[in-house]
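Here is the structure we will look at, set down as structure tokens.
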Amino acid sequence: MPLKAIDFKKLPIDEHVRLYTVLSNANRIRILFALYHNPPSQEMMLSFSRLKETLDMNPALLNHHLKILLRSELIENPLIRQGATISQYHLTKKGHKTVKGMIEDLGAREQQRE
């Protein structure tokens, strides 16, 4: 039986390439996993300082990776206070779904090894 032809014009290939490019860096994955364990409430958001401490990362490097994750819409920084920006981050729905999928994939791979 011949394979059905794939209409590549209908596939969101560019979107997947952008996402996988963002996820191709271990530091960005570490940031996403750190945020995954903190639900999106003001009390549970992770501040820039807390992320820096938790991940033991250079502030300039952390800032660079956070900007990439913000542009990719995997995280957001929704809090702005009078006169100063409060840098507190949490996963977006897209980010949560992405990390959850990664965790499920890791779990499936671990089960295959057993």
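Rule-based calculations on the coordinates, nothing more; no lab input. In this text the structure is predicted, and so the values were computed from the model without any measurement. Glycine gets a Cβ as well: all are built from the backbone with ideal geometry, and neighbour counts include every protein chain shown.
What the table below lists for this structure:
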{"read-out": "Environment charge of HIS65, counting only residues whose C-beta is closer than 14 Å and scoring Lys/Arg +1, Asp/Glu -1", "value": "+4"}
{"read-out": "³J(HN,Hα), Karplus 6.51/-1.76/1.60, whole Hz, each residue of the stretch 16-32, x for Gly, Pro", "value": "5, 4, 4, 5, 5, 5, 4, 7, 7, 10, 4, 5, 5, 5, 4, 4, 4"}
{"read-out": "Total formal charge among the other residues, if their Cβ is under 15 angstrom from that of LEU55, Lys/Arg +1 and Asp/Glu -1", "value": "+2"}
{"read-out": "Charge sum, other residues only, whose C-beta stays under 13 Å from GLY95's C-beta, Lys/Arg counted +1 and Asp/Glu -1", "value": "+4"}
{"read-out": "For SER87, distant residues with modelled amide H under 5 Å away", "value": "PHE48"}
{"read-out": "Order of SER72, SER49 under a 10 Å beta carbon neighbour criterion, fewest first", "value": "SER49, SER72"}
{"read-out": "Ranked list, fewest to most other Cβ atoms within 10 Å of each Cβ, for TYR20, TYR36, TYR89", "value": "TYR20, TYR36, TYR89"}
